[in-house]
Amino acid sequence: MLKWLLAALISGLLMLAFSPTSEAQNAGSKTKADFSGTWLLDNKKSNSSGLTTRPDLPITISHVDPEFRVTLPSELNGQIVKHEFVYFTDGRGETNEATSALTTNPSPAKPEDLRNQVTKSKTKWSGDKIVTRARLRLDVAGHFVEFEQVDEWKLSDDAKVLTQTSRVIFQNSDTAFIPAGTAAKKRVFNRQ
């Protein structure tokens, strides 16, 4: 009887000792959001249409973690063209056609201006957001300025609204030139 009582006591203590760890592990392994779907830009809630020349055309996202694939339609010479961007949320890095460019021209860059350029970036989860970071460099008259572009993708709690926020952050320069900050660009999409 004493052996049985001792075995039951040890068993109970072991269960208590490992039970909080199991619950903590289950809480930490919360499933990540799935961004897959067809999304239409909400112009009223957005302050930028991004690279597309046709904000009335929906974007498509295929998301099977770690692959996060965004297909963006645009119009070029009267034809609908699809641009595909592939990101990896495990931080391995990716190279896509350019998503932005640094220029001394005050006019905004057009998608066709970026055709022969690439953007190298790294993508990771940050809580419930997918965050992509890319370094951009501008060389002018023998001097350089570097920026970091940060894109964040976040789903609403009901997964019906997708918000993409883009901001450019000054990093480095070999001159006394320090550019003025720019406002973040926000694009809000509704699930179709």
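The values are calculated or read from the model by the stated rules, or taken from the named source; none is laboratory data. In this text the structure is predicted, and so the values were computed from the model without any measurement. Here the Cβ is made from the backbone with ideal geometry for all residues, glycine too, and neighbour counts use every protein chain on show.
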Item checked: Count of the range 41-93 residues which are over 14 Å from residue 189 (Cα atoms) and among the small types (Gly, Ala, Ser) -> 5
Check: From the residues in the range 50-72 that are over 16 Å from the mean Cα position of the chain (by Cα) and surrounded by fewer than 17 Cβ atoms within 10 Å (Cβ to Cβ), which one is farthest from residue 156 (Cα to Cα)?
Finding: 53
Next item on the list: Select from the range 161-192 the residues that are exposed (fewer than 12 other Cβ atoms within 10 Å of the Cβ) and at pLDDT 95 or above and list them in ascending order.
Entry: 192
